[in-house]
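Notes for the one structure printed next.
We did not get these values from a lab; they are worked out from the coordinates using the rules stated. As the structure is a prediction and not an experimental result, all values here were calculated from the model. Note that we place each Cβ from the backbone using ideal geometry, even for glycine, and neighbour counts take in every protein chain shown.
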Amino acid sequence: MDLTRKLPRAFYNRPTCQVAIDLLGRRLVRAGPDGLRAGRIVETEAYVGPDDRASHASRGRTARTSIMFGPPGYAYVYFIYGQHYCLNAVTEPEGFPAAVLIRALEPEASVPGRTDGPGRLCRALGIDRSLNGADLTGAWLWIEEGDRPCEAPLPPEQLATGRRIGVDYAGEWAARPWRFCLRGSRWVSLPRPAEVPAPASMNAR
DNA sequence: TGCCGGATCCTG
DNA sequence: AGGATCCGGCAA
C-alpha cells in the first residue's frame, strides 16, 4: 500500500487536539534546493483558540498571528529567541485561531542533524520564514499519510500525553495535557512525557 | 520609540 | 545555569 498521499485540507479542519494526535506517525516532507528531506512526526502540541494564554493568538489578530486566524492546512512559521524557527500546521475553520506545533521527527534518509525539538527540526529540514503561509497540500512543504491511511486514527495505545513545554507563564493553560507523543519513540524531545493514558479533558476548550 | 520577554538550543 | 540575539507587542 502506498501511503505517500498528501493529507487533504479537510484533515486540518477539525478540533486541534484531534489533529495534533492524528498527525503522529505522518510524514513531513520538505522539497528544498537540495532535494527532498523528510521525517516521521513523533511529537506535537495543540494551541487552541483565542482564550489559550499559551498561544500567540491570545493577544488577538496581529500581522504575525493572522495566519493562525486563516483557513486550515497552511504553515505558521515563527522566529523565536533571536535564533530559531518553529513550524505549525493551522487548524480549524477560518476565523478560529488554532495550530499544531510540530515538536519532533524521526529522521528519514538524507536529513542532516537532529530533529528532536521544534527549532532543530526546522534547521534540519531547511524551514524558515519564507515558508510562513505555505500551503501544506502544496509543492514545497507537505504532510503525507505516513504510517497509515488518511482516515485511520492513531491506535490509542500508541499515544502519550503531557503538559506543553516552555509555556509556564500561561498559568492554568500550561497544565493542560496538550502535548502529544508517539509512545516509546526514542526521537521525542526532552523531557519525555509520562506514559499514561490521555485524560478526558484533552478535548476541552 | 524604547523596552521587555519569548511555543529554544548550546555551552560551560 | 546562563547566554545568545532578533522581533513582536505594548506602553509611553
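Details
- Measuring between their Cα centroids, the range A:39-85 and the range A:125-158 lie 15 Å from each other.
- Amide H contacts for residue A:65 (H built 1.01 Å from N in the peptide plane; partners 5 or more residues away or on another chain; cut-off under 5 Å): none found.
- Once the Cα-Cα distance is subtracted from the 0.36 nm per residue extended length, the residue A:79 to residue A:66 segment shows a gain of 3.2 nm.
- When the square roots of the Cα gyration tensor eigenvalues are ordered a ≥ b ≥ c, the ratio a/c for chain A is under 1.5, which makes its shape rounded.
- Distant-in-sequence amide H partners of residue A:87 (H built 1.01 Å from N, under 5 Å): A:102
- Based on Cα contacts under 8 Å between residues 6+ apart, the range A:9-182 shows a relative contact order of 28 percent.
- Alpha carbon centroid spacing (whole Å) that separates the range A:98-121 from the range A:161-176: 21
- Think of the range A:1-150 as having a plus end and a minus end, set by charges on the Cβ of Lys, Arg, Asp and Glu; of A:131, A:20, A:49, A:131 sits farthest toward the positive end of this dipole.
- Dipole magnitude (debye, nearest 20) for chain A, charges at Cβ of Lys, Arg, Asp, Glu: 380
- Per-residue ³J(HN,Hα) for the range A:131-142, Karplus 6.51 cos²θ - 1.76 cosθ + 1.60, θ = phi - 60°, Hz, x for Gly and Pro: 9, 4, x, 5, 6, 6, 9, x, 9, 10, 8, 8
- Karplus-derived HN-Hα couplings along the range A:62-71 (A = 6.51, B = -1.76, C = 1.60, θ = phi - 60°), whole Hz, x at Gly and Pro: 10, 4, 5, 8, 4, 4, 5, 8, x, x
- For chain A, built as a Gaussian network whose Cα springs stay under 10 Å, the top-fluctuating residue of A:73, A:60, A:82: A:82
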